[in-house]
Amino acid sequence: MNAAYSTDGQYIHPSILNADFMSIGTELDKISSADSVHVDVMDNHFVPNLTFGPAMVEQIVERSTIPVDAHLMIDDADRQAPVFAEAGASSVTFHLEAARAPIKLARDLRRKNTEVGVALRPATPVEPLLDVIGEFDMLLLMTVEPGFGGQSFLDSMLPKIRRARAAISASNLEVSIQVDGGVSRETIERCAEAGANVFVAGSAIYQAQDAAQEISALRELARAHSAH
Ligand code: DX5
Ligand code: ZN
């Protein structure tokens, strides 16, 4: 059982992708009431955007008062993901599409005392993963095409969330389902009802007048509509 991703709870992970990078310390302070900070790592190859490397992640880990949830949108996950665990991320999520040996990688990461997530692009089916889902602490189902913040939530992902949650429950496993992309007060209830329990929100939180208030509003909605 892991601390950050107990499936009994509903967790809000603000993404700093659309934060003000010139004032990253203050931007982190705004979200200190959240459960983790979601850091989107992009290599301009797996996705057409470039963001943080391991040195920046290490500094965010040092500065943040809450755990760091690293979402790696990078190629060659087998070689690169362990570097982010060594940088101090509490959880490291790699894309299935970017890993040659995802189970071996998950085991390597766990040995580095990090929680492990596996992520799927919207058009990647979840079914082939379900037999081995117990190798992971978390399944990240993207609800937009990865690469940029501020995109519209894909409602077509809801059945995938439902099928994944049903399979995880049927196997009596403790695997969290994280949703990422277009999560807001308008869409979080549908995600929670479908079985997600970890919610990434970038623009909804950083464009709000009061980030802390937005975090608690999202948390309340997620709890009220939890599938558990
Ligand atoms: C997209 C990233 C997301 C993104 C979410 O590739 O993985 O974490 O920042 O931003 P919003 O909530 O604005 O869709
Ligand atoms: Zn993300």
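The values are calculated or read from the model by the stated rules, or taken from the named source; none is laboratory data. It should be emphasised that the depicted structure is a prediction, and the values quoted were computed from it without experimental measurement. Cβ coordinates were reconstructed from backbone atoms using ideal geometry, including for glycine residues, and neighbour counts include every protein chain displayed. These area figures cover heavy atoms from the full protein model, side chains too; ligands, DNA and RNA do not enter into them. Shrake-Rupley method; radii C 1.70, N 1.55, O 1.52, S 1.80 Å.
Which Cα, out of Asn197, Pro125, Ala211, lies furthest along the positive dipole direction of segment 85-217 (beta carbon charges, K/R +1, D/E -1)? The Cα lying farthest towards the positive end belongs to Pro125.
Using the 1.4 Å probe convention, the accessible area of segment 73-193 works out to 42 Å² per residue with neighbouring protein chains retained. Ranking Asp69, Asp43 by solvent-accessible area of protein heavy atoms (1.4 Å probe, all protein chains present), from largest to smallest, gives Asp43, Asp69.
With a/c under 1.5 counting as rounded, go ahead and sort segment 106-173 into rounded, prolate or oblate using the C-alpha gyration tensor (a ≥ b ≥ c being the square roots of the eigenvalues; past the cut-off, prolate if a/b is larger than b/c, else oblate). The shape class here is oblate. Restricting segment 141-190 to GluC sites (Glu not before Pro) that sit in a DSSP loop and have at most 12 other Cβ atoms within 10 Å of their own Cβ leaves Glu186.
Dipole check for segment 1-104: with +1 at the C-beta of Lys and Arg, -1 at the C-beta of Asp and Glu, and the Cα centre as origin, the magnitude is about 140 Debye.
Projecting label points 7 angstrom from Cα along Cα→Cβ for Asp78 and Glu193 puts them 4.2 nm apart. What percent does the relative contact order of segment 11-224 come to when contacts are Cα pairs within less than 8 Å and at least six residues apart? Relative contact order here is 20 percent. Stretched out straight at 0.36 nm per residue, the stretch from Arg162 to Asp131 would grow longer than its current Cα-Cα span by 9.5 nm.
The slack between Gln59 and Met22, meaning 0.36 nm per residue of separation minus the straight C-alpha distance, is 11.9 nm. Spin-label model, Asn113/Gln213: points 7 Å from Cα along the beta carbon direction are separated by 4.0 nm.
Dipole size in debye (nearest 20) for segment 11-224 around its Cα centre, Lys and Arg Cβ +1, Asp and Glu Cβ -1? Could the numbers behind the result be given before it?
Working: 18 positive and 30 negative charges, 99 e Å.
Value, rounded to 20: 480 debye.
Estimated translational diffusion coefficient (Stokes-Einstein, Kirkwood radius over Cα pairs, 4 °C, 1.567 mPa s) of segment 11-224: 77 µm² per second. Here the spin labels are modelled as points 7 Å beyond Cα on the Cα-Cβ line, and at Asn44 and Glu145 they lie 2.0 nm apart. For the pair Ile103 and Ser32 in one chain, pulling the backbone fully straight at 0.36 nm per residue adds 22.3 nm over the alpha carbon distance.
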